[in-house]
Amino acid sequence: AEEKGQILKIRRSMVSKKKLTIGATLKVEDIEFKRPGTGISPADYSKYIGKTIIRVIEKGSIVDRRDLD
């Protein structure tokens, strides 16, 4: 039970390396993976590459599925 509570702290999420603006296309060079694991998993990131950004994503912010179309 204790380990389950730590999962989100241990996993990583997709994070923006720079400010990403509306209308831009998400590219591999725009992202990196950092803790905590509350966002898009590294295992799923390829599903989102090439998607259009529909909300501004600040540098260092977790990329959320709702930020992409």
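The values are calculated or read from the model by the stated rules, or taken from the named source; none is laboratory data. Not measured: the values here are computed from a predicted model. Because the Cβ atoms are built from the backbone with ideal geometry, glycine has one as well, and the counts that use them run over all protein chains shown. Ligands, DNA and RNA are excluded from the accessible area calculation, which covers all protein heavy atoms including side chains. Shrake-Rupley method; radii C 1.70, N 1.55, O 1.52, S 1.80 Å.
I'm trying to understand the selection: among the residues of the range 1-21, which are surrounded by 12 or more Cβ atoms within 10 Å (Cβ to Cβ), touching a strand residue (DSSP E or B) at 6+ places or on another chain (Cβ under 8 Å) and not basic (Lys, Arg)?
Within the range 1-21, Ser13, Met14, Val15, Ser16, Leu20 meet the criteria.
Report yes if Asp64 is acidic (Asp, Glu), surrounded by 14 or more Cβ atoms within 10 Å (Cβ to Cβ) and in contact (Cβ under 8 Å) with a residue 12 or more places away in the chain, otherwise no.
Numbers: acidic (Asp, Glu): yes; surrounded by 14 or more Cβ atoms within 10 Å (Cβ to Cβ): yes; in contact (Cβ under 8 Å) with a residue 12 or more places away in the chain: yes.
Yes; evaluated as a whole, the condition is true for this residue.
Here are the criteria: (1) within 9 Å of the chain's Cα centre (by Cα); (2) in a loop (DSSP other than H, G, I, E, B). Tell me which single one Glu32 does not satisfy.
(2)
Here is a yes/no grid of residues against (1) modelled with pLDDT of 95 or more; (2) open to solvent by 80 Å² or more (accessible area, probe 1.4 Å); (3) more than 25 Å from Ile7 (Cβ to Cβ):
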| position | (1), (2), (3) |
| --- | --- |
| Glu29 | yes, yes, yes |
| Ser41 | no, no, no |
| Ser46 | yes, no, no |
| Gly50 | yes, no, yes |
| Ile53 | yes, no, yes |
| Val56 | yes, no, yes |
| Lys59 | yes, yes, yes |
